[in-house]
Amino acid sequence: MFKFTLNQNDVTVAADKNLLEYLREDARLISVKDGCAEGVCGSCSVLVDGKALRACKLTVAKVHGKSVTTLEGLSARERDIYSWAFGEVGAVQCGFCIPGVVISAKSLLDQNPTPTSAEIKSGLRYNLCRCTGYLKIERAIQLASKALLGGETFSAEGGTAKVGARMVRVDSDEKLLGTGEFVDDMKVPGMLYGVALRAKYPRALVKKIDISAAQACPGVELVLTARDVPAERLLGHIVHDWPVMIAEGEETRYVGDALALLAATTKETARKALALIHVEYEELTPMLSPQAAMAEGAPRIHPKGNLLSETIMKRGNVDKAIAEAKHVVTQHYSTPHQEHAFLEPESALAVPTQCGSLTVYTGGQGVYDDRQGIMEMLGLPEEKVRVISKYVGGGFGGKEDLSVQHHAALLAWHSGRPVKVTFTREESFRVHPKRHPMEMEFTTACDEHGKITAVRARIVADTGAYASLGGPVLQRACTHAAGPYQIDNVDIEGRAYYTNNVPSGAFRGFGVTQTCFAGECNLNLLATKLGISPWEIRFRNAIEPGGVLSNGQIADAGTALKETLLAVKEVYDAHPGAGIASSFKNSGKGVGVRDVGRVKLKIENGVVVICTSAACMGQGVATVILQIVGEAAGLSRSTLRVHEPDTMVTPDSGTSTASRQTLITGEASRRAAVALKQELDTHSLAELEGREFYAEYDCITDPMTSDKPNRVSHVAYGYATHVVILGDDGKVQKVVAAHDVGKAINPNGVEGQIEGGVVMGLGFALTEEFTQRDGVPTVTFGTLGLMRAAQVPEIVCHLIEKNSPTLAYGAKGVGEIVMLTTAPAVAGAYFNRDGKLRNSLPLKDTPYRR
């Protein structure tokens with residue numbers, strides 16, 4: 001028998017158990033999140049006798065006789081102040097980590113009411129955030145400190161929702177206070193817990209799967225194998241090659257493959273029963289590199305062979321241009337896997353209905369994509385599958401593929417009961433796709449004036465066990481490989497090969513992150529040969545309005561690469577040896593792929609309900625859309641509400657990917673709001689009760705096969721330049737990031753994206769490693785190398801707003817480009833420091849290497 005005080009109430013627990021499990025499952029305090037179960041991420045932080053500790057590393061016995069406080073136990077005044085402070089500066093993005101951050105902030109401020117910046121960073125040492133970059137969190141804690149001392153006034157957010165306003169995010173309060181639901185926070189009557197048995201080996205013949213012992217285990221409701229899939233067993237975005245489960249007689253392709261599914265009455269029973277399933281394997285030699293997969297006589301991972309995709313882009317006469325060039329640089333570059341490390345592990349809850357349909361609650365990047373896969377697997381029409389998105393605790397591309405959604409649906413379909421499937425962090429590492437490792441050989445040539453005359457690139461990508469989005473990722477890597485410059489001669493070839501590694505797929509930057517690193521490093525080498533500065537070679541070649549990009553597209557009037565270079569020139573000139581890099585990135589899918597944003601505005605009870613399926617995974621699209629509607633319709637914040645993505649209610653606005661939602665769904669929102677405004681000119685909202693206003697925007701582009709000399713590959717591009725300054729200790733002291741954003745709908749949100757992207761880029765460049773041994777991930781959350789608050793340098797953002805307001809008030813997506821530019825700028829800074837070319841990531845020979 002254990003007794004302690006929980007949020008000022010005395011509680012008694014009969015038997016010892018994990019404190020996090022007790023708080024979430026028994027006490028139903030959902031502000032306490034399960035992010036890693038390693039004591040590393042801090043999402044489960046609670047106060048124990050006033051000290052911030054991680055609940056996942058505590059037991060009920062360890063808090064016997066003590067006082068435990070969760071976010072729910074803070075006073076009303078404290079909750080109001082933290083909610084205001086974090087909302088005011090834009091410190092809340094996906095929100096999964098934020099309740100734990102607030103607990104650490106309270107622990108700090110209770111002991112030290114006026115902490116310095118360094119003390120705040122130290123107070124956050126046990127909290128990880130993948131979205132914000134920590135800087136706005138630090139500012140929020142400073143603001144909360146003043147308010148708690150009575151030196152700062154605050155008020156509830158309100159006013160008119162306007163484009164360009166630093167409006168508090170629509171989901172800020174719910175996320176910060178821990179009242180908003182993520183899927184794993186949900187619990188429904190009769191719910192079962194689902195788990196999957198994963199492959200023991202990356203490549204092995206599955207000879208027999210014996211589930212009898214697991215079926216007989218008390219508390220196990222059902223066990224399924226591949227034979228229980230009613231319809232399509234192979235799923236995928238474009239290529240249907242990813243099995244729901246591996247069948248007897250088939251080979252595993254990676255250690256994340258599912259061989260059996262099981263549902264039980266408790267999580268403990270489900271995990272214990274998995275060990276009772278016996279699989280007879282014949283272990284085979286895995287192919288763990290594209291070189292092994294392309295070798296003559298290599299076994300076929302898939303029936304069509306090991307080459308997934310090929311992209312070729314050629315313009316001009318590269319051989320002639322290189323032969324006539326004054327300077328030529330050829331170098332090989334390598335970039336590794338990178339783990340998304342979103343704070344919320346994947347989770348889905350499937351609930352069957354009496355009429356033979358399913359409602360599936362997910363935390364993915366596209367409810368319509370999730371529905372499509374579930375429909376195909378079960379053989380059901382669309383009206384029988386409803387998918388609703390709860391809050392999404394980070395994504396960055398890693399939640400585009402089916403991971404838990406289809407397995408929860410299949411178990412619920414067969415059992416007739418609700419089933420929730422939630423990954424452990426280890427499972428998440430093993431299953432979801434990572435960033436593509438790439439091997440790249442780049443040749444860049446220029447004339448005596450530094451004008452780039454040719455780029456040749458050969459790119460080999462490891463797409464892992466399944467296609468995922470490997471084809472489009474390779475395509476973007478190639479179409480952006482020559483950089484944001486006017487270059488008449490390009491010869492780019494890329495190939496993506498299947499291997500027995502963890503699949504590679506969408507990740508912030510979508511292939512351009514890798515080729516930007518290679519191309520920008522080559523430019524630094526050319527500048528050295530020319531005897532001019534890296535800033536100068538970029539400025540001389542920077543694309544301008546009316547110029548022709550390397551893919552043949554004519555740059556539009558909103559092109560502002562030179563403006564980003566000019567924005568950083570003063571700081572660059574003031575710091576000899578600073579690193580610099582520039583980049584560009586498309587908004588929208590482009591290259592002829594159908595890309596439509598759809599929005600419906602419904603007038604309900606005097607409020608305009610904005611219905612769109614655009615997934616908000618921390619980037620703030622719900623707030624952006626609300627501001628666009630408010631601007632176009634002339635409505636105040638209090639009359640607007642955003643509906644959660646729901647395939648029964650919200651029209652298909654496509655996946656949150658390709659930096660597309662702000663521009664494409666934003667333009668659809670503007671059009672619907674303009675139609676509403678026309679009615680509001682002569683009617684009140686009350687008079688429009690029950691009316692709906694629908695609009696869509698179809699983003700028309702040309703395919704890569706088009707024979708147009710200047711095809712329109714993408715409807716818009718953003719441009720960026722980053723400068724990285726090293727301190728005397730050799731560590732990054734400051735990053736200055738100038739971004740052509742078109743129009744900042746919400747500057748707080750744009751800055752948050754930039755700061756978070758810069759920190760993610762610093763991790764990619766310096767500290768992060770997704771380690772594997774023989775195709776098996778060996779990394780933990782603690783060894784991944786994610787940057788913490790104390791490691792983050794000063795970050796200065798410059799927002800360049802030049803674009804005309806034709807589409808979505810001129811906004812361009814910034815979700816991906818913020819990640820591209822930092823790593824090559826860091827590499828440039830170290831090159832300038834010691835003259836060593838570091839051509840692989842993470843960079844070697846820096847103070848960050850462990």
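The values are calculated or read from the model by the stated rules, or taken from the named source; none is laboratory data. Given the structure is predicted, the values throughout are model-derived calculations rather than measurements. In this analysis, Cβ positions are derived from the backbone assuming ideal geometry, glycine residues included, and neighbour counts consider all displayed protein chains. Note: accessible area is taken over every heavy atom of the protein model, side chains too, but ligands, DNA and RNA are not part of it. Shrake-Rupley method; radii C 1.70, N 1.55, O 1.52, S 1.80 Å.
Odds and ends about this structure:
- Just so you know, in region 751-781 the residues that are open to solvent by 50 Å² or more (accessible area, probe 1.4 Å) and touching a residue at least 40 places away in the same chain (Cβ under 8 Å) include one that is farthest from L128 (Cα to Cα), and it is D774.
- Qualifying residue in region 803-819 (condition: open to solvent by less than 20 Å² (accessible area, probe 1.4 Å), of a type in the set (S, T, Y) and touching a residue at least 60 places away in the same chain (Cβ under 8 Å)): no
- Test: F396 is outside any helix (DSSP H, G or I), touching a strand residue (DSSP E or B) at 6+ places or on another chain (Cβ under 9 Å) and surrounded by 20 or more Cβ atoms within 10 Å (Cβ to Cβ): no
- Counted as qualifying within region 323-386 are the strands (runs of 3 or more DSSP E) with 2 or more residues that are farther than 30 Å from C97 by Cβ, namely 327-335.
- Cβ-Cβ contacts under 6 Å between residues 6 or more apart (or on different chains), taken from a first residue in region 661-681 that is touching a residue at least 12 places away in the same chain (Cβ under 8 Å) to a second residue that is of a type in the set (S, T, N, Q), are listed as L663/S587; T665/T612; T665/S653.
- Some residue of region 387-398 being farther than 22 Å from W242 by Cα, touching a residue at least 60 places away in the same chain (Cβ under 8 Å) and more than 18 Å from the chain's Cα centre (by Cα): yes
- The residue that is farthest from A829 (Cα to Cα), among those in region 576-613 that are touching a His at 6+ places or on another chain (Cβ under 8 Å) and among the aliphatic types (A, V, I, L, M), is V609.
- Residue match in region 377-385 (condition: surrounded by fewer than 20 Cβ atoms within 10 Å (Cβ to Cβ), of a type in the set (G, A, S) and closer than 30 Å to K529 by Cβ): no
- Of the candidates K734, K708, K677, the single residue that is within 27 Å of E563 (Cβ to Cβ) and among the basic types (K, R) is K734.
- When residues of region 641-654 are limited to those that are touching a helix residue (DSSP H, G or I) at 6+ places or on another chain (Cβ under 6 Å) and open to solvent by 10 Å² or more (accessible area, probe 1.4 Å), the one nearest to S172 (Cα to Cα): V642
- Residue within region 716-738 that is among the hydroxyl-bearing types (S, T, Y), surrounded by fewer than 24 Cβ atoms within 10 Å (Cβ to Cβ) and not in a helix (DSSP H, G or I) present: no
Rundown of residues vs (1) surrounded by fewer than 21 Cβ atoms within 10 Å (Cβ to Cβ); (2) basic (K, R); (3) in contact with an Asp or Glu (Cβ under 8 Å, 6 or more places away or on another chain), yes/no style:
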{"position": "G373", "(1), (2), (3)": "no, no, no"}
{"position": "V404", "(1), (2), (3)": "no, no, yes"}
{"position": "F429", "(1), (2), (3)": "no, no, yes"}
{"position": "K434", "(1), (2), (3)": "no, yes, yes"}
{"position": "V455", "(1), (2), (3)": "no, no, yes"}
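- Restricted to region 487-502, and to residues there that are crowded, with 24+ Cβ neighbours inside 10 Å and in contact with a Cys (Cβ under 9 Å, 6 or more places away or on another chain), the residue that is farthest from E544 (Cα to Cα) is G494.
- Scanning region 621-649 for residues that are closer than 15 Å to I388 by Cβ, in contact (Cβ under 8 Å) with a residue 60 or more places away in the chain and under 23 Å from the mean Cα position of the chain (by Cα) yields A622, V642, E644, P645, D646, T647.
- All of S83, S67 fail the test of being open to solvent by less than 50 Å² (accessible area, probe 1.4 Å), of a type in the set (G, A, S) and closer than 19 Å to I141 by Cβ, apart from S83.
- Within region 266-287, being assigned to a loop (DSSP other than H, G, I, E, B) and open to solvent by 60 Å² or more (accessible area, probe 1.4 Å) holds for A275, L276, T285.
- The set of residues in region 657-684 that are closer than 19 Å to S636 by Cβ and open to solvent by less than 30 Å² (accessible area, probe 1.4 Å) comprises S669, A672, A673, L676.
- Residues that are closer than 29 Å to V608 by Cα, surrounded by fewer than 22 Cβ atoms within 10 Å (Cβ to Cβ) and hydroxyl-bearing (S, T, Y), drawn from region 685-715: Y694
- Strands (runs of 3 or more DSSP E) wholly inside region 1-49 that include at least 1 residues being buried (at least 22 other Cβ atoms within 10 Å of the Cβ) and of a type in the set (G, A, S): 45-48
- The set of residues in region 199-237 that are farther than 22 Å from V776 by Cα, part of a loop (DSSP other than H, G, I, E, B) and open to solvent by 20 Å² or more (accessible area, probe 1.4 Å) comprises I211, A216, C217, P218, G219, P230, A231, E232, R233, G236, H237.
- Criterion applied to K589, K562 was being among the charged types (D, E, K, R), under 19 Å from K812 (Cα atoms) and free of Cβ contacts under 8 Å to residues at least 24 places away in the same chain, and the one residue passing it is K562.
- Scoring G297 on the criteria (1) of a type in the set (G, A, S); (2) part of a loop (DSSP other than H, G, I, E, B); (3) open to solvent by less than 30 Å² (accessible area, probe 1.4 Å) leaves a single failure, condition (3).
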